Structure formats: structure tokens, C-alpha cells
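None of the figures in this text is laboratory data; all of them are computed from the coordinates on show. None of the values given here were measured: they were computed from a predicted structure. Cβ placement follows ideal geometry from the backbone for every residue including glycine, while neighbour counts extend to all protein chains displayed.
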């Protein structure tokens, strides 16, 4: 291969070498400066305080049956033991949708908009600590275990003034006694799923205390909607690996595999329940499950789920979980599951199948009531 060379008239070889050296040094310095600048930009993106607070905020006010109205409010100023949070999003739960149907006015503070998250934009006159004793600072990503409704949201003080419902607003004012939790290492979807993940984690933690993975290795999960899928993810994070998912929807079963299920059985397969039992046995090497979990209401209930279990095995009805029974330990289990899922690249974000703007909150509630998808979220954008 021949290389083209160019002569520099009037310059000797030594002079040309000096010039080339200078050019090389200059290029190297520019590259170093550029790299340093990129590192600085990258660092600046990590939890930097955001002082851009708007003069007014908007919130969804439940004014009557099946109707939210978006209203403008003056942004509250955080006081002692309070922080102002710019809302990122909130899950629309089934209980939220039921309150939507009832239409209890916002000033009566129905417990809706409880599963939200956001970024702290201003801290009040005294330090605020989260449930683990960590001091909350501007830029932190947070959620809450306690209620954020009514006066607690910081919007409006008049007795009959319509107030935004919980996290269904652009800003929310949080007090330390609302059990704030700093979650800087988790993405937005994981933070919104925190409460539901904690419910699943609490149930799985109870299962682990009763049934050890080495003894009850084969687990069947009947029902692969949101609760069942989160249960499968929690089981996977707890060390259970031989999990079979049972559902009537093939898309749900495909998602169950991504959550951690090793096998799947279509509920509508031939020969009825007995056909599904035989399919379960073939997946488990000729044996039935050691433990079967019912994660959806079934017409036959436990009598159907029991048929997937070997003699001496057990069943558990996961639909009877009660949120008020969750303890701080249960919420810690939820944190653990979310972090393990993120590390193991379990795509929990795929559980949020519908996303709406705050202005579309009525449509979001109707989506939940229709049973479409898995989990619905309202985003503040």
C-alpha cells in the first residue's frame, strides 16, 4: 500500500516534526478537556437541586361522581418539617377508581392519589428525615407511606374549598409525619409501584417463613394480572425459580415469563381443568406443584387451585391481602424487591400498560374500571 505524502515548502524535516508535535499536543488537550466536560455534565444530571418552581400549580379535584376538574392553585410554601415536591406521576388504583364513581368532593378528603412519586424542589425551615432517618434534601426522589390528601397536600385551607386529590397534582407538600421515603436509586416506574410491590413482597415474605424454597420448590401462580405478575417477580427475587404461571391470556403469560416464571399454562387449554393439571405435571417433570397461589378471583376458587397441588402441598389465596396490615418491615421488603428486580433487569415498568396526562385523569379512571391492561398511571408533564 502506498501512502501519499505532502511536502511543506520552505520547512525542514525537523521543523515539520515540531509542528506536528504541537498539533498532537493540542488535540490531546482538547480531547481531555472535552472528556472532563462530559463527566461534569454527567455528574450534574445526578440529583441536582431544581429551583425552577412555578408560581401556580394545577391539581385534579374530584367535584362529583365520575368527574375530576383541573384547577389552578397557588404553590404552597414549605414550613417546619415540610418539603415541596414536584410530582412526576401517580398510580390510579382500583380503590381510586371506586372513589371516582362515588364522587365524594375533594374537600372531604377521600383517600385517592396515594401511590405517587416526585422530586423535592424546596425544603422548609427545619430538616426533614425519611423513615430511615436520612435527611431529605433538594433534588431527592421520594414517595410516601402515609396519606397526602386534603390539607396535608398544602393546597387550600378553607373548610369547603376543593383541593387536589393526593399526588394528582403538579406539586405536593409533604410533612415528615407522612412517612417520606427517599428512593434516589430507583427509576420513576419502580417508585410508583412501591406500594403494590410491598403488598406482593409482604405476602411472599410470609410464604418464605412457612414454605422454604428448598422444600416447596415448585410453585404455581394462578392469575397473571398485576397482582400475580408482581407476586411472580417477588418470588423470583426471594429465590424461587421453578414457577409456573397459569392464565387465560397469552400476552399475560408472556409477561409472566419476563417477571420470572419458568413455565406457563393457558387456562383455556383443552380438556378443562384436568387438561391444565396434566400440563402442569408435564412442566414439573411428572409432578404437581408444592404450593399454588391464587392471585385472581376464580369461579371455583380454592377447589380449582387445589387440583394443581401434590398431596401434602398447600395453597394460599393472595386476593385476601389487606393493605392496612402492612408494616414497616413489609415496606422494607418492597424496597428490596424493587432493587433486586432492577438489578436482575426484571421489566416491572411493563406492568404500567396505560399512561395518561393529568388532564386525562377521568379517562384514566375509566380505563381502570374497564379492566383494560394491568396498571394505569397519571403523569405530570
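Run the simple label-point estimate for residue 350 and residue 241 please: 7 Å along Cα→C-beta, distance reported in nm.
Each label point is offset 7 Å from its Cα along the Cβ direction, giving 2.1 nm.
Take 249, 177 and order them by how many other Cβ atoms sit within 10 Å, fewest up front.
The most exposed by this proxy come first: 177, 249.
By counting other Cβ atoms within 10 Å of each Cβ, how are 353, 315, 215 ranked from fewest to most?
The order, fewest Cβ neighbours first, is 215, 353, 315.
If the chain between residue 54 and residue 343 were fully stretched, how many nm would it gain, using 0.36 nm times the residue separation less the Cα-Cα distance?
So the chain would gain 100.5 nm between residue 54 and residue 343.
For each of 320, 212, 264, count neighbouring Cβ atoms within 10 Å of the residue's Cβ, then give the residues from fewest to most.
By the 10 Å Cβ count, ascending: 320, 212, 264.
Quick one: Cα centre-to-centre distance for the stretch 55-82 and the stretch 322-381, in angstrom?
After rounding, the separation between the Cα centres reads 22 Å.
Per 0.36 nm of contour for each residue apart, how much would the distance between residue 66 and residue 101 grow if the chain were fully extended, relative to their Cα-Cα spacing?
So the chain would gain 12.1 nm between residue 66 and residue 101.
Mind jotting down the distance between the C-alpha centroids of the stretch 278-309 and the stretch 214-233, whole Å?
11
How high is the relative contact order of the stretch 196-320? Use alpha-carbon pairs under 8 Å, at least six apart in sequence, and give a whole percent.
Once normalised by length, the contact order is 24 percent.
As a test of the definition: which semi-axes, in Å, follow for the stretch 196-320 when you take the square root of five times each eigenvalue of its alpha carbon gyration tensor? Largest first, please.
They are 19, 16, 14 Å, listed from largest to smallest.
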